[in-house]
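The values are calculated or read from the model by the stated rules, or taken from the named source; none is laboratory data. Model, not experiment: these values are computed from the prediction. Ideal geometry is used to build each Cβ from the backbone, glycine not excepted, and the neighbour counts take in all protein chains shown.
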Amino acid sequence: MSLPPQFLDEIRARVPLSRVIGRKVVWDLRRSNQAKGDWWAPCPFHGEKTASFHVDDQKGFYYCFGCHAKGDALTFLREAEGMGFLEAVELLASEAGLPMPERDPRQVQRADRRTELVEVMEQAVRWFRMQLGMGAAEPARAYLERRGLDEAACERFGIGFAPDQRQGLFNALRSKGIAESLIVEAGLAARPDDGGAPFDRFRGRITFPIRDGRGRCIAFGGRAMDPNARAKYLNSPETPLFDKGRNLYNIGPARAAVAKGKPLVVAEGYMDVIALVRAGFEGAVAPLGTAITEDQLRLMWRISPEPVIALDGDEAGLRAAMRLIDLALPMTGPGQALRFAFLPQGQDPDDLIRARGAGAMAAVLDEARPLVDLLWRRETEGRVFDSPERRAALDKALGEAVAKIPDKDTRDHYHAVLRNLKWELFGNRRRDTAPSRPSREGWQGQGRNARFQPVAPSAPTRASRLSSPDAGEHEAEALVEAMVLAICATHPGLIAAVESRLERLEPRDADRAALIHDLLSGTQSQAGQRALESIMADPHVRAAPAILRPHDGDAAADILANALDRIESRRAAREEIARAEAEIEGLADEGLTWRVAQSARARQQADHPSLADLSDLGEDSDAYRAILEAALKNEIWRKPRR
């Protein structure tokens, strides 16, 4: 059975070589670079202890530096598993989710037909190249010179010219004995609707050969010289050789350059790629007249684990990037990432390089941002999040987007980054808007850029009757707070379930505030580390069951929930008393009496025996009840007489 070459290429592209070989070897993970698809192991073909067997997922080949065994996935299955060729193809096709082609003898004829078409395309390349030197191509040569392309550049990229003749190429190919049907099937000529003689598809255009990864010309792109032409750029139609959604311009040379350490840069068009390559960015490619497709993304990741998408600095470039988010998220994961580089407004890579040189382009690429930043920009740019509903809508949009990522570890890291960005955007803004905190003390910056820096309470605040009835009260609450932070640090898996409750904590200590930020964002700061060391030095914390048994997550979750309940109950009691005092205007009314009673009940709930696991925190609940009883007895709601 003869199989189409494109089918074999497809199954090789869909099934990583390391997955096939990984069933027979044990990888040396210290030497391997998984993100780049670079694997090492002891050779399965000869007995050895050292890892001399190398697998390159990007190239799809293996090689042993000991016994010199080499090949691709099909070769390995045949030599290591003893499979026949068709059996190996069927196994890979099953893993790739592709049906086997029908076993039809006509496939041999089609394979031969493809070979003939490739030869026709190469004949066209040579004819277009020859026409570029003719008198009719003077405007084309002048245009190329203005764009900085000399004869050497034209030769390197095979640039030619299609004269404005109805049958120039067609007649030239026919004179070489090439059949009319082959010329039309290759996409070089088209038959008119009225059934007349075929006419050249490319007329009055500069031509750019489009080659596959093996260097064979499979299509052309043409740039019109007439400014009034209906299409500035024209590509070959779909043919047995050419599928524009599954190929990239300059794919072969780019793959070789990336293998030598160059970045894979994805530009928008032929001239951008040529400018990038000539400026030293040899790993440049471009899609072929369409938005990037899933197949093109897979092809990029076969070459590099982190292509850089270089977009023009205009609205169209930004829209293209935003469309790519939803396409890429369901495919992203370890070894399959994207970065985005935005050029200055109104410039493409060719413009930037000609105006400011290769250094300016390198600076743009160095500042490329990851996909998560683009997702954040899409969901937040130009929007105001001044209500719980708007913030909830942001959470929902981000959550739905991240849920598309198949890899759990990647999803977790996205959540951590987005949590940190939300913290920076509005995580502490509630402190600015809360009625009980009208002052902006502790804030730096203005508006959306403002950031809260926790400060110690002032002396009058510390001395007030409501905030400090006695020192023991604050010490007890600080110890409960310390227990919460210690449990979260010891059991980081519990943080997600109590994230919103942690954000509402209002520690008096600035270092503890930094520790809360570290826990929520997955980062580590010096201030947060100081707070954690101080907390863990407390003997009450060290002796707590949740800290002594770091593997008992269920018990720790119960203690954490109870501790947060206690803190929130105390806060509720304080807020009720504060509002009651603020509303006193003379004689008491039933509403105020009820509110103070509710405060007492809330405080009693904070001392419920169900919190026995934290009983060693040493709080003085009797003293607090005595304060409330004295407040009721002395009728604090009455306005003092002067």
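Just checking, which of Ala152, Ala179 is over 25 Å from Ala279 (Cα atoms) and small (Gly, Ala, Ser)?
It is Ala179.
Working only within the range 312-335, note down all residues that are surrounded by fewer than 22 Cβ atoms within 10 Å (Cβ to Cβ) and part of a strand (DSSP E or B).
Within the range 312-335, Gly313, Gly333 qualify.
Which condition number in (1) more than 18 Å from the chain's Cα centre (by Cα); (2) surrounded by fewer than 18 Cβ atoms within 10 Å (Cβ to Cβ) is the one that Glu294 fails?
(1)
Which count do you get for residues in the range 374-408 that are in contact with a strand residue (DSSP E or B) (Cβ under 8 Å, 6 or more places away or on another chain) and part of a helix (DSSP H, G or I)?
1
List the pairs whose first member sits in the range 127-147 and is farther than 15 Å from Asp164 by Cα, whose second member is of a type in the set (D, E, K, R) and surrounded by 14 or more Cβ atoms within 10 Å (Cβ to Cβ), and whose Cβ atoms are under 6 Å apart, counting only residues at least 6 apart or on separate chains?
none
With respect to Lys422, determine if the residue is buried (at least 18 other Cβ atoms within 10 Å of the Cβ), at negative phi and part of a helix (DSSP H, G or I).
yes
Being surrounded by 15 or more Cβ atoms within 10 Å (Cβ to Cβ), modelled with pLDDT under 85 and outside the structural domain of Asp56 (by TED's automatic domain parsing): is that true of Arg114 here?
So Arg114 fits the description; yes.
Identify, by number, the condition in (1) within 38 Å of the chain's Cα centre (by Cα); (2) modelled with pLDDT of 85 or more; (3) closer than 29 Å to Pro237 by Cβ; (4) of a type outside the set (Phe, Trp, Tyr) that Thr75 doesn't meet.
(3)
With the structure loaded, tell me whether Val364 is closer than 30 Å to Gly280 by Cα and crowded, with 17+ Cβ neighbours inside 10 Å or whether it fails that test.
When the stated conditions are applied, Val364 passes them.
Which members of the range 19-73 meet the condition of being free of Cβ contacts under 8 Å to residues at least 40 places away in the same chain, in a strand (DSSP E or B) and hydroxyl-bearing (Ser, Thr, Tyr)?
Within the range 19-73, just Tyr63 meets the criteria.
Name the helices (runs of 4 or more DSSP H) wholly inside the range 478-556 in which the number of residues that are of a type outside the set (D, E, K, R) and surrounded by 18 or more Cβ atoms within 10 Å (Cβ to Cβ) is 2 or more.
In the range 478-556, 510-521, 526-536, 545-548 are the helices (runs of 4 or more DSSP H) which contain 2 or more residues that are of a type outside the set (D, E, K, R) and surrounded by 18 or more Cβ atoms within 10 Å (Cβ to Cβ).
Can you pull out every residue in the range 22-57 that is under 27 Å from Leu297 (Cα atoms), of a type in the set (Gly, Ala, Ser) and surrounded by fewer than 19 Cβ atoms within 10 Å (Cβ to Cβ)?
Gly22, Ser32, Ala35, listed by residue number.
If I filter the range 86-93 for residues that are more than 38 Å from the chain's Cα centre (by Cα) and either surrounded by fewer than 12 Cβ atoms within 10 Å (Cβ to Cβ) or among the aliphatic types (A, V, I, L, M) (or both), do I get at least one hit?
Yes: one or more hits.
Among Gly60, Gly71, which is buried (at least 16 other Cβ atoms within 10 Å of the Cβ) and in contact with a strand residue (DSSP E or B) (Cβ under 7 Å, 6 or more places away or on another chain)?
Selected residue: Gly71, the only one of Gly60, Gly71 that is buried (at least 16 other Cβ atoms within 10 Å of the Cβ) and in contact with a strand residue (DSSP E or B) (Cβ under 7 Å, 6 or more places away or on another chain).
Step by step: first the residues of the range 375-385, then only those that are in contact with a helix residue (DSSP H, G or I) (Cβ under 6 Å, 6 or more places away or on another chain) and modelled with pLDDT of 90 or more, then the one that is farthest from Pro344 (Cα to Cα). Which residue is that?
Top of the filtered list is Glu379.
Return the only residue of Asp200, Asp212, Asp272 being in contact (Cβ under 8 Å) with a residue 24 or more places away in the chain, crowded, with 22+ Cβ neighbours inside 10 Å and under 27 Å from Leu173 (Cα atoms).
After ruling out the rest, the residue left standing is Asp200.
Kindly evaluate Glu10 against the criterion of being at pLDDT below 90, charged (D, E, K, R), farther than 15 Å from Gly71 by Cα and crowded, with 18+ Cβ neighbours inside 10 Å.
Yes: the conditions hold for Glu10.
Checking the condition free of Cβ contacts under 8 Å to residues at least 40 places away in the same chain, hydrophobic (A, V, I, L, M, F, W, C) and not assigned by TED's automatic domain parsing to the domain that holds Ile218, which residue from Ala321, Ala316, Ala328 passes?
Ala316
Restricting to the range 346-363, count the residues that are of a type in the set (D, E, K, R) and in contact with a helix residue (DSSP H, G or I) (Cβ under 8 Å, 6 or more places away or on another chain).
Counting residues in the range 346-363 that are of a type in the set (D, E, K, R) and in contact with a helix residue (DSSP H, G or I) (Cβ under 8 Å, 6 or more places away or on another chain) gives 3.
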